[in-house]
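The values are calculated or read from the model by the stated rules, or taken from the named source; none is laboratory data. All of these numbers come straight from a predicted model, not from anything done at the bench. In this analysis, Cβ positions are derived from the backbone assuming ideal geometry, glycine residues included, and neighbour counts consider all displayed protein chains.
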Amino acid sequence: MEYQLYNGECCLNSKGCCLRHANKLTCYDYLSDIAEAEQASDYIEVQFKNTRKEYYLNSDRILLIKGDVVVVEAASGFDVGTVTMTGKLVLLQMAKARMRSKVEVRHVCRKALSTDLKKYKEFKAKEHETMIYSRKIAERLGLQMKISDVEYQGDGGKAIFYYIADDRIDFRQLIKDLAEIFRVRIEMKQIGARQEAGRVGGIGTCGRELCCSGWVTKFISVSTGAARLQDVSLNPQKLAGQCAKLKCCLNYETDAYAEAWRNFPTHEIQLETQDNVYYHFKTEVFKNEITYSTDRNFATNTMTITAERAFEVIGMNKKGHKPKFLLRDEEMEQHAQQKEQQDILEESVSRFDSAMKRKNKYRRPNNDKRNNHKDQKTKQ
């Protein structure tokens, strides 16, 4: 039976594999079935709490598989983490991370023993309490920063404090106070608001797990231009995520909208017919439909046409011709039938209003007489 770790918690597994190993930093090892690829490299990938992962050299050639908990070298002391990748694919991941060959790579010491895991869990249990207490110290010193997370090293000799700040912070006094209270080496690491949301996690307005905590590893800047391109209402409360920044999902369909808008005329172009001048009201990009109104600011006498018909009318206007209707003749007949059905529906819905008014008209005097009769009895 082997011990496994997941986000600092120890799990048991009799089969030697991690019970809850799937996370956003997991890379699919498509070379795992090839024995030559597994033995092609002595480097392994080790993941620590949340989003931190590093690469180590298995110089003693310890038999390791994905999900094993190992003890590795640190700058001073040792650390405990979970093996997330072995074999040739680790070299490709190191090249992707642009790790220089001259950089000294630390070594794997051994598989984690029960004593290592016990000490590891003791320090992990202190992380939340340490974070709350460090926030109070930062507030007492008047520092404009927020400490969002704390990570202890496996042997408890070092603690990493993740913080968010808009401006440059002089935290020299803070480090002195923290080192004096907690008796460990202190490392301050600044992160962004999106990274904090990814570490904390949560549920988005779509009802699913936050993308930043589920699978996004690289954060791309999001601008309001992406919302304008998709005709999304520029409401800050709807566009902002839990990190108080613009939602990352605004970028997902931006390219599709940018390509689709090429097949539509600009909003400034007016369409002229023999009777009216039509102004752009709204566009349904993926339906390939444009709605025009005879009023520039309000929906009046709206007509919905395809983008092809809009370009056709624009071409006729450029030549000095004006069509009789904005729609084609066969489309105009369908539009008249739909409008007639809509008028009938509106009449059928409101046909009981007049009858209700007549009933209320005759009921009111009776109610008044009853009330007056009751008042006379009470006076007597």
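Assorted remarks:
- Any hit, the stretch 80-89, residues being under 30 Å from D170 (Cα atoms) and touching a strand residue (DSSP E or B) at 6+ places or on another chain (Cβ under 6 Å): no
- Wholly enclosed helices (runs of 4 or more DSSP H) of the stretch 78-155 bearing at least 2 residues over 26 Å from G192 (Cα atoms): 88-96, 114-124
- Flag for L271 being within 10 Å of the chain's Cα centre (by Cα) and of a type outside the set (G, A, S): no
- Output for the stretch 203-219, where each listed residue is in a loop (DSSP other than H, G, I, E, B) and modelled with pLDDT of 85 or more: G204, T205, C206, G207, R208, L210
- Pairs, first assigned by TED's automatic domain parsing to the domain that holds Y152 in the stretch 25-49, second outside any loop (DSSP other than H, G, I, E, B) and surrounded by fewer than 17 Cβ atoms within 10 Å (Cβ to Cβ), C-beta under 7 Å, six or more apart: none
- Considering only residues in the stretch 274-293 that are more than 21 Å from Q230 (Cα to Cα) and modelled with pLDDT under 90, the one that is surrounded by the fewest Cβ atoms within 10 Å (Cβ to Cβ) turns out to be Q274.
- When I169 is tested against (1) of a type in the set (A, V, I, L, M, F, W, C); (2) in contact with a Lys or Arg (Cβ under 7 Å, 6 or more places away or on another chain); (3) over 24 Å from K218 (Cβ atoms), only condition (2) is not met.
- Applying a threshold of 9 Å to beta carbon distances and a minimum spacing of six or more residues, or different chains, the list of pairs starting in the stretch 151-165 at a residue that is at positive phi and ending at one that is outside any strand (DSSP E or B) and surrounded by fewer than 22 Cβ atoms within 10 Å (Cβ to Cβ) reads G156/G77; G156/K119; G156/E122; G156/F123; G156/K126; G156/V184.
- Of all residues in the stretch 206-213, one or more are over 27 Å from H321 (Cα atoms), in contact (Cβ under 8 Å) with a residue 40 or more places away in the chain, out of contact with any Asp or Glu (no Cβ under 6 Å at 6 or more places or on another chain) and buried (at least 17 other Cβ atoms within 10 Å of the Cβ).
- In the stretch 156-168, the residues that are surrounded by 17 or more Cβ atoms within 10 Å (Cβ to Cβ) and assigned to a loop (DSSP other than H, G, I, E, B): G156, G157
- For the residues Q190, Q173, Q195, the requirement of being of a type outside the set (F, W, Y) and more than 28 Å from the chain's Cα centre (by Cα) singles out Q173.
- Candidate set: the stretch 247-297, residues that are in contact (Cβ under 8 Å) with a residue 40 or more places away in the chain and of a type in the set (A, V, I, L, M, F, W, C); chosen: the one farthest from K319 (Cα to Cα): C248
- If you go through the stretch 180-195 and keep only what is in contact (Cβ under 8 Å) with a residue 60 or more places away in the chain and buried (at least 17 other Cβ atoms within 10 Å of the Cβ), you end up with just Q195.
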